[in-house]
1. Output the number of the condition that B:Leu386 fails; it satisfies all remaining conditions of (1) of a type in the set (A, V, I, L, M, F, W, C); (2) away from chain A (no Cβ under 14 Å); (3) out of contact with any strand residue (DSSP E or B) (no Cβ under 9 Å at 6 or more places or on another chain).
2. Quick check on segment A:222-237. Is at least one of its residues part of a helix (DSSP H, G or I) and over 23 Å from the mean Cα position of the chain (by Cα)?
3. From A:Gly216, A:Gly164, which residue is buried (at least 16 other Cβ atoms within 10 Å of the Cβ) and farther than 26 Å from B:Gln221 by Cβ?
4. For segment A:141-185, enumerate the residues that are among the basic types (Lys, Arg) and assigned by TED's automatic domain parsing to the domain that holds A:Gly117.
5. Is it fair to say B:His181 is away from every other protein chain (no Cβ under 14 Å) and under 23 Å from the mean Cα position of the chain (by Cα)?
6. Just name the residue that is modelled with the lowest pLDDT out of those in segment A:165-178 that are touching a Phe, Trp or Tyr at 6+ places or on another chain (Cβ under 8 Å) and assigned to a loop (DSSP other than H, G, I, E, B).
7. Name the helices (runs of 4 or more DSSP H) wholly within segment B:87-160 that hold at least 2 residues that are modelled with pLDDT of 90 or more and buried (at least 19 other Cβ atoms within 10 Å of the Cβ)?
8. Under 8 Å between Cβ atoms, which residue pairs at least 6 apart in sequence (or on different chains) link something in segment B:354-375 that is in contact (Cβ under 8 Å) with a residue 60 or more places away in the chain with a partner that is small (Gly, Ala, Ser) and assigned to a helix (DSSP H, G or I)?
Amino acid sequence: MTQMFSAFDTAAVVEVLLILAVATLLIVAVQKLLQWLAGYLHGQKRLYLLAMAPLLRLGILVASLLMIVPLIVEPSLQNMVALFGSVGLAAGFALKDYASSLIAGIVAVGERSYRNGDWIEVNGIYGEVTHVGMRTVRILTPDDTQVSIPHLRLWNDPIANANGGRPQLQCVADFFLDPAHDAATVKAVLQDVALTSPFLHYLEPITVIVHERPWGTHYRLKAYPIDARQQFRFTTDLTVRGKAALARRGVRFASAPAVAALQA
Amino acid sequence: MTSCGFGEAARTMITEPHPPAQKQDSASPPSPWEFVRLADYRVPNPVGATAAFEKWASLKRIFRHPANPEPPPVKAEADLRALPKSRLRHLAGPIDWRCAASALDAALAGWPQSGGSDEAVKFVIGQPHCGHAEILEHWAARHRALLVEAPAVDRILGDHGHWLESWSATDRLWVLPHLEHCYLRHADGLELVRRLLERATSGALGRGVIACDSWAWTYLQRVWPLPQPDALTLQAFDGPRLSRFLAELVAGAGQGRLQFRNATTGKEVRLELAPADGAVSPEINHLAIHSGGNIGTAWSFWRSSLRAAPAQVEDAQEKSGEQAHGAEADADVVWVSTELREPVLPREGGEAMAFLLHGLLLHNGLPEFVLPELQPQPGHRLVACLLELRSLGAVILDGERWRVSASAYGVVREFLRARGFLRDHFLRG
């Protein structure tokens, strides 16, 4: 039987530590550099750059692992099977969730279920992906709260991705109106409200969906802002200017009890 | 006064208040002014090293900080001074748009006189600082056409029936030089322009010419999709055209024994009235490419690049009192700086600045009082932003309207392009 471990002397320890230090430094440097560069760019270029961070990190980790393993273990098939089998068994029992998250993290990077700059919703938590880590994905909610979600959610929970790697995402402004009005005029007014928003991305369509309800008429104005990060300001702009434009035309809004009935 | 490249007869012609159209003299070089269909517009293309230089300059702009906008000048240029205003006025005076009006006449080729069934309205689209309104005003004077002023802001936002009705009462040929001032990007600011375009294109307003800024034109395509394949625009000023234009500008000033020299290399910058393809100075080619064929920005850069040696400045200042026109100034070497001085917009300028600049371009300038109606920021912040942009040289107050300055136009366009804003189709990207 061949010896499993190499002669692990001081030089080998130093070499391993050196590889780990360089890999860590490289990962930190790459992430900082990409973040810095992304700060100068906008739109699709910014998202591409941000999405590269986890891929590069994975590449650096794999490369450093490939360099470290032969320093510790005699690189034969028998030894490798024994080593990875033991590690796998230990991880499976003791660190099941941790290992699951790590693997899900690799799958997330490969499948691109979410990338930096995407707007996702997991278990009712909505926000922008700011960091795809080894174990967790970090999102920043509109309330400026950082939330870390383990990648293992990927296995069972639905993940809603609002923009899927694109800079644009659809926003919806709701208008609840008293039923006594000219719907065609209101529809045209709302179209113009979107068309005149400084936030509007003009290459995407503007749509107005009208639903007649027992309490009145529900309008949904759908349009896309230039950048996904503007979504709440865009929706606010549509709502504020939409209300003003409708009020100038004497359109009355549905009363509070009626809308409460809708919510119920 | 400059000639229009229509020979000596035309040179005399353009000094008359309403000169008749002239045929081009076959012996004279072609005019740099030409109107073409939008599809035939050709942006001067950088090739090889020039393209790489443009990319590098663009990359540097992204990372440059506004507090340190320009690299230090090369030693040869450090000793040079800006030209005295009087001399600058004679070497690079205001653009004479009457030449362009002659070119428009040639492009329309008898259309005003024909009462047939062809298009009732012709559209002329112009980039910012390319003088579309001035050209149309000259053209209107030449054809004794009715010059229609854009409505006031309150008319656009509300009572627009009267403005349209009063106009439609006439049968005269009419010219609307500022379509971009007939709408506002406001929920109530589009109805008038829709009705106007509907009536104009249907022929209900008679025969006329509408000029529109290129950014407004792009926006209005979303407001009232208007297929106008025959819309005309001023052809881009590539190297040869620009060389000829500048040569005419200098010749028109009556300067004798004048030489332009590159301030870095000392080589002569030749301005040719009839340059062969390969004979255009590299400085002029670079200027044409950098300005994207936009004659207004090219002219602005050219003016700001002219320098004189200190001795020449003093000499010229002494002479300026004696010679009102300075035509015989004996300082016959004018140095041309190789640095194109452009404002640097703050990277952290952000959304408010981008919205403001975009709004100004979409309307080819806006009065300050209407800005709060069109922008999501409150008035005091808009004023602060305007003042900051003015201090950077990015905007100017032209009459009552704030406009993006000619020297900043390229930078602002790139600033908005990088952020994904709607823009005109006249430049790459």
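1. That leaves (3) as the condition not met.
2. Checked against the condition, which is being part of a helix (DSSP H, G or I) and over 23 Å from the mean Cα position of the chain (by Cα), segment A:222-237 yields at least one hit.
3. One residue alone meets the criteria, A:Gly216.
4. Hit for segment A:141-185 is A:Arg153, nothing else.
5. The answer is yes for B:His181.
6. For segment A:165-178, the residue satisfying everything is A:Gln168.
7. It comes to B:98-108, B:132-142.
8. B:Leu362/B:Ala216; B:His363/B:Ala216; B:Asn364/B:Ala216; B:Leu374/B:Gly359
The values are calculated or read from the model by the stated rules, or taken from the named source; none is laboratory data. Remember, it's a predicted structure, so these values are computed and weren't measured experimentally. Cβ atoms come from the backbone with ideal geometry, glycine included; neighbour counts cover every protein chain shown.
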